[in-house]
Amino acid sequence: MERAHEAPVRIVIVGAGYVGLVSGACLAALGHDVAVIDRDAARIAGLQAGIMPIYEPGLDALVAEQTAAGRLAFSTDLAAAIPGSVAIFICVGTPPRPSDGHADMANVMAAAADIAGALDRFAVVVLKSTVPVGTGDEVEALIRTRRPGADVAVVSNPEFLREGDAIGDFMRPDRIVVGTDHARARAVMATIYAPLAEAGVPLLATSRRASELIKYAANSFLALKITYINEIASLCEEIGADVEHVARGIGLDTRIGGKFLKAGPGFGGSCFPKDMLALMKTAQDHGVPMRTVETAVAVNDARKGEMVRKVIRAAGGSVAGRTVAVLGLAFKAGTDDMRSAPSLVILPQLQRHGARIVAYDPAAMANASPLLPGVVMAPSAEAALAGADLTVILTEWPEFAALDLERVAGLLRRPVLVDLRNLIDPPAAARAGLTCHRIGRQAALVDTSLHSALQQAAE
Ligand code: UDX
């Protein structure tokens with residue numbers, strides 16, 4: 001795509017959350033002049049003081065670097081930031097509505113209205129928030145109603161950022177998708193992403209609706225892939241195969257690819273569940289059922305209950321009166337995010353079966369504590385393990401993979417480990433005297449009587 005301006009250009013980001021902060025800091029790192037705006041004055045004040053409102057590895061350093069370079073600033077005043085800007089990115093939250101779980105567009109429409117009031121020349125309004133198909137049309141209509149004759153183009157530019165890897169995903173994307181039929185807007189987007197395009201990143205120009213759908217189709221497909229390998233894992237447990245070997249065996253087929261084939265307790269996060277629901281709603285609204293996506297949502301929901309039964313079986317048939325040490329609460333490693341985390345379903349069910357839960361997570365306990373009443377939060381993994389009847393690994397934090405398994409076995413009252421992320425090497429667990437129950441592999445039973453005898457002798 002040809003470019004409209006010589007970089008750098010002035011960009012406004014509306015919304016200082018996961019997407020807005022990472023996008024703003026990275027666009028500054030690409031050389032642009034970026035103003036990040038948020039209505040939350042405390043959040044903005046924190047950012048101006050170098051305090052990050054979210055846990056994202058590397059973000060604090062990148063924000064500090066770009067702020068010091070004078071390319072990144074934070075403010076609550078959108079109207080003051082827009083004049084002279086070439087593009088205004090809407091990066092506000094689109095949380096599921098409590099009533100029906102569908103995307104709540106109030107923040108997006110409010111941002112569009114504020115932008116309409118402040119436009120002073122041609123500008124590109126960029127929808128980076130994940131929005132239902134057709135939202136670009138609604139945003140454009142709202143702006144034109146508020147500012148008849150406004151010289152504006154509304155573009156879809158979905159993000160594909162994974163929490164915990166967001167900066168890398170922005171700076172080294174597999175592709176950039178730009179949804180607009182407006183030639184001048186395409187040229188502006190080509191200018192903005194020029195450094196990445198020059199580095200060889202494919203820049204896909206398509207219609208606005210196709211771009212909006214690409215986001216949902218991508219996330220739903222990734223969730224389908226995870227759901228599929230999770231079901232294959234359950235079959236492996238019954239037929240005595242190892243799901244990791246099966247995943248590798250199919251993943252070497254370049255048509256399948258080896259990523260997102262890690263079996264686990266089920267997908268969570270702020271995106272997959274929300275985006276699948278939004279895609280299903282769009283499909284239903286247009287009379288085109290998405291049964292694959294509906295089935296994956298149901299299978300994934302049911303999986304949490306399967307994980308509870310797996311823990312109960314590992315405990316010998318009951319967890320009543322038992323203490324279960326849970327390692328990991330966040331929906332995945334590398335984040336403090338608890339949205340749709342499997343722990344939010346699995347732990348309460350274990351409690352309902354009479355278990356006492358002691359949990360540890362390196363980053364998510366502050367967010368998790370109010371969501372998990374009755375769960376004792378421990379200051380470390382070892383503190384959680386001490387005296388527990390068994391332990392369950394729920395989130396694949398690297399520090400859990402590095403645990404001294406002999407020490408784990410010694411801290412537990414019964415050396416039983418349920419590894420729902422296949423983090424622990426089964427032979428190492430066996431050598432340490434742990435009975436290790438994994439996903440997609442039959443329990444590597446070890447003779448724990450020898451371990452108990454050695455422990456009694458040592459006491
Ligand atoms: C996802 C998409 O990856 C990203 O492109 C999009 O922009 C936002 O949604 P995120 O939700 O941050 O990113 O996390 P991701 O790493 O995709 O994991 C999503 C869920 O799938 C997590 O619960 C994770 O534990 C699970 N997962 C992921 C698996 O169970 N197995 C895998 O192999 C990969």
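Laid out as a table, the results:
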| read-out | value |
| --- | --- |
| Residue among 385, 423, 390, 394 that is within 16 Å of the ligand (Cβ to nearest atom), in the same structural domain as residue 316 (by TED's automatic domain parsing) and in contact (Cβ under 8 Å) with a residue 60 or more places away in the chain | 394 |
| Filtered residues of the stretch 319-363 (kept if farther than 19 Å from residue 305 by Cα, touching a residue at least 40 places away in the same chain (Cβ under 8 Å) and of a type in the set (A, V, I, L, M)) | 333, 363 |
| Residue list for the stretch 238-265, filter: within 13 Å of the ligand (Cβ to nearest atom) and of a type in the set (Gly, Ala, Ser) | 247, 251, 257, 258, 263, 264 |
| Any hit, the stretch 142-156, residues being outside the structural domain of residue 267 (by TED's automatic domain parsing) and within 16 Å of the ligand (Cβ to nearest atom) | yes |
| Those residues of the stretch 30-68 which are of a type in the set (Phe, Trp, Tyr) and either touching a Gly at 6+ places or on another chain (Cβ under 8 Å) or loosely packed, with under 14 Cβ neighbours inside 10 Å (or both), in sequence order | none |
| Candidate set: the stretch 266-300, residues that are over 17 Å from the mean Cα position of the chain (by Cα) and within 15 Å of the ligand (Cβ to nearest atom); chosen: the one surrounded by the fewest Cβ atoms within 10 Å (Cβ to Cβ) | 299 |
| The stretch 231-240, residues that are within 15 Å of residue 437 (Cα to Cα) and either in the same structural domain as residue 332 (by TED's automatic domain parsing) or in contact (Cβ under 8 Å) with a residue 60 or more places away in the chain (or both) | 233, 234, 236, 237, 240 |
| When residues of the stretch 316-339 are limited to those that are of a type in the set (S, T, N, Q) and over 10 Å from the mean Cα position of the chain (by Cα), the one nearest to the ligand (Cβ to nearest atom) | 323 |
| Counted residues, the stretch 155-188 - those being closer than 18 Å to residue 8 by Cα, surrounded by 17 or more Cβ atoms within 10 Å (Cβ to Cβ) and in contact with a Lys or Arg (Cβ under 9 Å, 6 or more places away or on another chain) | 1 |
| Test: residue 233 is buried (at least 20 other Cβ atoms within 10 Å of the Cβ), at pLDDT 95 or above and within 11 Å of the ligand (Cβ to nearest atom) | yes |
| Residue 441 being surrounded by 21 or more Cβ atoms within 10 Å (Cβ to Cβ), within 26 Å of residue 269 (Cα to Cα), at pLDDT below 95 and not assigned by TED's automatic domain parsing to the domain that holds residue 226 | yes |
| Scan of the stretch 223-256 for residues that are of a type in the set (Val, Ile, Thr) and either within 29 Å of residue 160 (Cβ to Cβ) or not in a helix (DSSP H, G or I) (or both), ordered by number | 226, 227, 229, 232, 243, 246, 250, 254, 256 |
| Qualifying residue in the stretch 311-326 (condition: at pLDDT 95 or above, crowded, with 23+ Cβ neighbours inside 10 Å and in a helix (DSSP H, G or I)) | yes |
| Residue match in the stretch 109-132 (condition: over 22 Å from residue 28 (Cα atoms), more than 16 Å from the ligand (Cβ to nearest atom) and among the β-branched types (Val, Ile, Thr)) | no |
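The values are calculated or read from the model by the stated rules, or taken from the named source; none is laboratory data. Everything numeric in this text was worked out from a predicted model, so none of it was measured. Every residue, glycine among them, receives a Cβ derived from its backbone with ideal geometry; neighbour counts consider all protein chains shown.
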